[in-house]
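S.K.: One structure, as structure tokens, below. Some questions next.
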Amino acid sequence: MPRVSEIGIYEQRECPTLVVRTRSSVQNLMNVTMDVYGRINAYLAELKETPAGIPFITYHNMDMNDLDIAVGIPVAKELPPRGDMASGRLPQARVVTCMHRGPYNSTGPTYEEMHKWIAAKGLTLFGVVREAYFNSPDDVSEDELLTEITMPLK
């Protein structure tokens with residue numbers, strides 16, 4: 001089973017971020033995200049700053065041919081924007097979360113389990129879904145990729 005943690009609720013703390021809002025097809029998503037992460041990390045190095053958390057993508061739609069996404073990295077403090085890189089924030093929110101292990105294209109069943117769990121608890125989603133990536137296909141096999149899925153609640 002790809003879900004490797006219990007589905008649960010927690011309070012997400014507010015956190016500053018550097019993000020690039022962009023669009024991509026699901027087929028090109030890896031190229032787009034790796035480019036953005038590389039640019040953000042280069043900017044952080046230039047500022048002599050380091051990431052303060054796990055890289056993430058927030059999904060503002062689920063159109064696999066034209067995803068509206070924000071690709072970002074948490075940082076310790078608000079940093080000045082540059083070009084298409086914006087200073088942003090992960091908001092304080094009550095969220096449902098679950099850890100998925102396996103290829104990025106295999107998260108469907110974990111999402112389905114989360115939606116069923118949310119419905120069974122009578123909860124209502126509000127806002128954008130976020131995936132945080134704890135490792136990379138450059139470092140581990142696809143079967144060992146760890147993705148935290150976070151869904152904000154009303």
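The values are calculated or read from the model by the stated rules, or taken from the named source; none is laboratory data. The structure presented is a predicted model; accordingly, all values stated were derived computationally and were not measured. Here the Cβ is made from the backbone with ideal geometry for all residues, glycine too, and neighbour counts use every protein chain on show. Accessible surface areas use protein heavy atoms only, side chains included; no ligands, DNA or RNA. Shrake-Rupley method; radii C 1.70, N 1.55, O 1.52, S 1.80 Å.
S.K.: Please go through segment 10-20 and give me each residue that is within 22 Å of Leu125 (Cα to Cα) and surrounded by 14 or more Cβ atoms within 10 Å (Cβ to Cβ), ordered by number.
M.R.: Matches in segment 10-20: Gln12, Cys15.
S.K.: I need a count of the residues in segment 10-28 that are part of a strand (DSSP E or B), closer than 24 Å to Pro103 by Cα and not polar (S, T, N, Q).
M.R.: Here is the first cut: in segment 10-28, the residues part of a strand (DSSP E or B) are 10-12, 15-24.
Now restrict to residues that are closer than 24 Å to Pro103 by Cα: 19-24.
Now restrict to residues that are not polar (S, T, N, Q): 19-21, 23.
Of the residues in that region, 4 qualify.
S.K.: For segment 32-49, give me each residue that is open to solvent by 60 Å² or more (accessible area, probe 1.4 Å) and touching a strand residue (DSSP E or B) at 6+ places or on another chain (Cβ under 8 Å).
M.R.: Result: Arg39, Asn41.
S.K.: Only one residue in Asp35, Asp84, Asp66 is of a type in the set (Asp, Glu) and closer than 23 Å to Asp138 by Cα, so which one is that? If you could, list the steps in order and put the result at the bottom.
M.R.: Working: Asp84 fails: closer than 23 Å to Asp138 by Cα; Asp66 fails: closer than 23 Å to Asp138 by Cα.
The match here is Asp35.
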